[in-house]
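To keep things clear, I will list the structure first and then write my remarks on it.
The values are calculated or read from the model by the stated rules, or taken from the named source; none is laboratory data. This is a predicted model, so every value here is computed, not measured. Cβ atoms come from the backbone with ideal geometry, glycine included; neighbour counts cover every protein chain shown.
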């Protein structure tokens, strides 16, 4: 079973918005540090940003998969394809995070890393839009 906040469109949307806005702000700060050639600070912030994606967005995704999505399909089997697509979005987020974790220690905060952080934001924005369409109005 999933918690009531995940099942309510307004509270669920607020969770997404707060987490995504934080990620956008941190990514913009990271990009500025990279552009200003502040490599040490950029590296520190990149790890903070990675932690933010893992502890906020990916933890939330896991909770959705373990509870909310199963509950929604049980209530309405017709949305199974949508749930598969939403779960794939989570997989893409996990893959991007894994790539960043692989690149950072070896290369530092290079453009490929910054691009992947931006890609995380884009995938998450599109995911959130679709999820709000799939969630029933409770």
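Would it be correct to say that residue 33 is surrounded by 17 or more Cβ atoms within 10 Å (Cβ to Cβ), farther than 14 Å from residue 135 by Cα and under 15 Å from the mean Cα position of the chain (by Cα)?
No, not satisfied.
Within the stretch 66-78, track down each residue that is closer than 19 Å to residue 93 by Cβ, surrounded by fewer than 16 Cβ atoms within 10 Å (Cβ to Cβ) and in contact with a helix residue (DSSP H, G or I) (Cβ under 8 Å, 6 or more places away or on another chain).
67
Residue 109 fails exactly one of the following numbered conditions: (1) in a helix (DSSP H, G or I); (2) over 18 Å from the mean Cα position of the chain (by Cα). What is the number of that condition?
(1)
Taking residue 113 and the conditions (1) within 27 Å of residue 68 (Cβ to Cβ); (2) surrounded by 14 or more Cβ atoms within 10 Å (Cβ to Cβ), which numbered condition does it fall short on, given that it satisfies the others?
All conditions pass for residue 113, except number (1).
Residues that are modelled with pLDDT under 95, out of contact with any strand residue (DSSP E or B) (no Cβ under 9 Å at 6 or more places or on another chain) and on the phi < 0 side of the Ramachandran plot: find the helices (runs of 4 or more DSSP H) completely inside the stretch 1-95 holding 1 or more of those.
4-7, 9-35, 59-63, 69-75
For residue 124, indicate whether it is assigned to a helix (DSSP H, G or I) and surrounded by 14 or more Cβ atoms within 10 Å (Cβ to Cβ).
Yes, satisfied.
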